[in-house]
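Novice: Next up is a structure, given as structure tokens.
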Amino acid sequence: GENVEQHPSTLSVQEGDSAVIKCTYSDSASNYFPWYKQELGKRPQLIIDIRSNVGEKKDQRIAVTLNKTAKHFSLHITETQPEDSAVYFCASRTDSNYQLIWGAGTKLIIKP
Amino acid sequence: SQTIHQWPATLVQPVGSPLSLECTVEGTSNPNLYWYRQAAGRGLQLLFYSVGIGQISSEVPQNLSASRPQDRQFILSSKKLLLSDSGFYLCAWSVFLTDTQYFGPGTRLTVL
């Protein structure tokens, strides 16, 4: 069935450095790719999303890139700050199936 | 703007007891509504979704059920809780099934 693989499961970076989280999807018909941030004990919150007609999208320190040929998309966080520490989830969806297919999550740790 | 509420925020229940969790959305009409469960340190599992009053679709067979008695109200229930029902229950809404999903604050359920 459809699945989304997310790597790494844990990522530790020095404050100020960049962080990259990668997801690979299986359904070539997938056309919507959101990223959610979940702080400890809180709800997941959408931080950025991209649709398949776009290769890259940026919002300040956060960017998402999409490679449809390779069927993967990545979250890039630059100039990381302590408040970026959280679990990040990727997901994918097709127009024919409302259901989001979720990655397993990446725990991002920002070291001071 | 739209707001989503869930209650209670935390709940501790004995095995075999009933359950009722409530979710309401304000500021929108005829939203699509979703119930997710997140086990400790894990990803998101879709349990139910609803496209309208009285319309419920189940994604995972279990001892849980859902109901939508009003347009902006979604209820998750169980007649007899199991230990494995412990987790973080999240309600979400979207305008369309293929639209962005926004999560409520969640209910943390512990079954003892």
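Readers should treat all values here as calculations from the given coordinates under stated rules, not as data from a laboratory. This structure is a prediction, so every number in the text was calculated from the model and none was measured. All Cβ positions, glycine included, derive from the backbone under ideal geometry; neighbour counts span all protein chains shown.
Novice: For the stretch B:62-74, what does the Karplus curve 6.51 cos²θ - 1.76 cosθ + 1.60, with θ = phi - 60°, yield as ³J(HN,Hα) per residue in whole Hz, taken in order and with x for Gly and Pro?
Specialist: Per-residue couplings from phi come out as 6, 8, 9, 9, 9, 9, 9, x, 9, 3, 10, 10, 9 Hz.
Novice: I've got another one for you. Once phi is turned into ³J(HN,Hα) by the Karplus curve 6.51 cos²θ - 1.76 cosθ + 1.60 with θ = phi - 60°, what whole-Hz value does each residue of the stretch A:4-13 show in order, with x for glycine and proline?
Specialist: Taking θ as phi minus 60°, the curve returns 10, 9, 10, 9, x, 7, 9, 9, 10, 10 Hz for the stretch A:4-13.
Novice: Over chain B, calculate the relative contact order: mean separation of alpha carbon pairs under 8 Å at least 6 apart, over the residue count, as a percent.
Specialist: 36 percent
Novice: Taking the Cα centre of the protein assembly as shown as origin and charging only Cβ (+1 Lys, Arg; -1 Asp, Glu), how large is the dipole, in debye to the nearest 20?
Specialist: The dipole magnitude comes to about 340 debye.
Novice: Could you list the square roots of 5 times each eigenvalue of the Cα gyration tensor of chain A, that is, the equivalent ellipsoid semi-axes, sorted largest first and rounded to whole Å?
Specialist: Sorted largest first and rounded, they come to 24, 14, 12 Å.
Novice: For A:LEU11, list long-range residues whose amide hydrogen, built 1.01 Å from N in the peptide plane, is under 5 Å from its own amide hydrogen.
Specialist: Here the answer is A:LYS107, A:LEU108, A:ILE109, since their amide H atoms fall under 5 Å of that of A:LEU11.
Novice: Along the positive direction of the dipole of chain A (beta-carbon charges: Lys, Arg +1; Asp, Glu -1; about the Cα centre), which of A:SER30, A:VAL4, A:THR69 reaches farthest?
Specialist: The Cα lying farthest towards the positive end belongs to A:SER30.
Novice: May I pose another question? For A:LYS68, which lysines qualify as cross-link partners when the Cα separation must be under 18 Å and same-chain residues fewer than eight apart are set aside?
Specialist: Partners within reach: A:LYS22, A:LYS57, A:LYS58.
Novice: Largest first and to the nearest Å, give the Cα extent of the protein assembly as shown along each principal axis.
Specialist: If we take the Cα atoms of the protein assembly as shown, the spans are 48, 39, 36 Å.
Novice: Return the whole-Å distance between the Cα centroid of the stretch B:52-112 and the Cα centroid of the stretch A:40-92.
Specialist: About 26 Å separates the Cα centre of the stretch B:52-112 from the one of the stretch A:40-92.
Novice: Can you give me the P(r) profile for chain B? Cα pairs, bins 5 angstrom wide beginning at 0, each as a whole percent.
Specialist: Here the calculated profile for chain B is 2, 13, 24, 27, 19, 10, 4, 1.
Novice: Normalised by the number of residues in chain A, what is the relative contact order in percent for Cα pairs under 8 Å and 6+ residues apart? Before the final figure, lay out each step's value.
Specialist: On the way: 277 pairs, mean separation 41.5, N = 112.
Value for chain A: 37 percent.
Novice: Provide the percentage of antiparallel DSSP beta bridges, counting only those with both residues in chain B; round to the nearest 5.
Specialist: Numbers: 36 of 40 bridges.
Once the DSSP bridges in chain B are tallied, antiparallel ones form about 90 percent.
Novice: Checking a compactness column here: for the stretch A:46-112, what do you get for Rg(Cα) / (2.2 N^0.38 Å), N being the number of residues?
Specialist: 1.21
Novice: May I ask for the percentage of alpha-carbon pairs in the stretch B:18-76 that lie more than 12 Å from each other?
Specialist: Cα-Cα pairs in the stretch B:18-76 separated by more than 12 Å: 65 percent.
Novice: Spelling out what I want: for every residue of the stretch B:25-39, take phi, set θ = phi - 60°, compute 6.51 cos²θ - 1.76 cosθ + 1.60 (Karplus), and round to whole Hz; glycine and proline get x.
Specialist: With the stated coefficients, the stretch B:25-39 comes to 10, 10, x, 8, 10, 6, x, 7, 10, 9, 10, 10, 10, 10, 6 Hz.
Novice: About the Cα centre of chain B, what is the dipole size in debye to 20, counting +1 per Lys and Arg Cβ and -1 per Asp and Glu Cβ, all else neutral?
Specialist: Dipole magnitude for chain B comes out near 300 debye.
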